[in-house]
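Shown next, in structure tokens, is the structure this report addresses.
The values are calculated or read from the model by the stated rules, or taken from the named source; none is laboratory data. This one's a predicted model, so the numbers in the text were calculated from it and none came from an experiment. Neighbour counts run over all protein chains shown; Cβ positions are idealised from the backbone, glycine included.
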Amino acid sequence: MSTDAGTRPGLRDRPLGRIAILVAVLVVAFLVSRSCADNRPEVDSKEAIAIAKEQIDFEPDGVQIRNVPTSLQQHRVWAVSLYTGTPTAPELCQIVEIDALSGDVTEVSNC
């Protein structure tokens, strides 16, 4: 005599149940990853360039800008290079680092 007569298999034992569990785990993982790594800059590139130009004492001929991580926590800064002359052989060049979330100047250095 069988003891499991009339019992239905559990959710995890049915193929549709396994798919539902997998989808639920993937959705939770996606939501957790999006909430933990919000690295979108509050300061856009045009604002970063304007902030950087306030930090230098010359009129630049050109600008190069990049958004880069600065640490293991992926904190992002705008690195704005302002220069006179050509990009490959600048006469005068300064790099202004700007916090991408707050807009604060974190460093000003020569190239």
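A few remarks follow.
- In this structure, GLU59 qualifies as under 30 Å from ASN110 (Cα atoms), in a loop (DSSP other than H, G, I, E, B) and either of a type in the set (Asp, Glu) or modelled with pLDDT of 95 or more (or both).
Quick grid of which residues meet (1) more than 13 Å from ASP44 (Cα to Cα); (2) touching a residue at least 12 places away in the same chain (Cβ under 8 Å); (3) over 15 Å from the mean Cα position of the chain (by Cα); (4) surrounded by 15 or more Cβ atoms within 10 Å (Cβ to Cβ):
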position: GLY62; (1), (2), (3), (4): yes, yes, yes, no
position: VAL77; (1), (2), (3), (4): no, yes, no, yes
position: VAL80; (1), (2), (3), (4): no, yes, yes, yes
position: THR88; (1), (2), (3), (4): yes, no, yes, no
position: CYS93; (1), (2), (3), (4): yes, yes, yes, yes
position: ASN110; (1), (2), (3), (4): yes, yes, yes, no
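- Qualifying residues in the range 20-54 (those that are among the acidic types (Asp, Glu) and at pLDDT 80 or above) - the one surrounded by the fewest Cβ atoms within 10 Å (Cβ to Cβ): GLU54
- The set of residues in the range 79-90 that are at pLDDT 95 or above and either β-branched (Val, Ile, Thr) or out of contact with any Leu (no Cβ under 7 Å at 6 or more places or on another chain) (or both) comprises ALA79, VAL80, SER81, LEU82, THR84.
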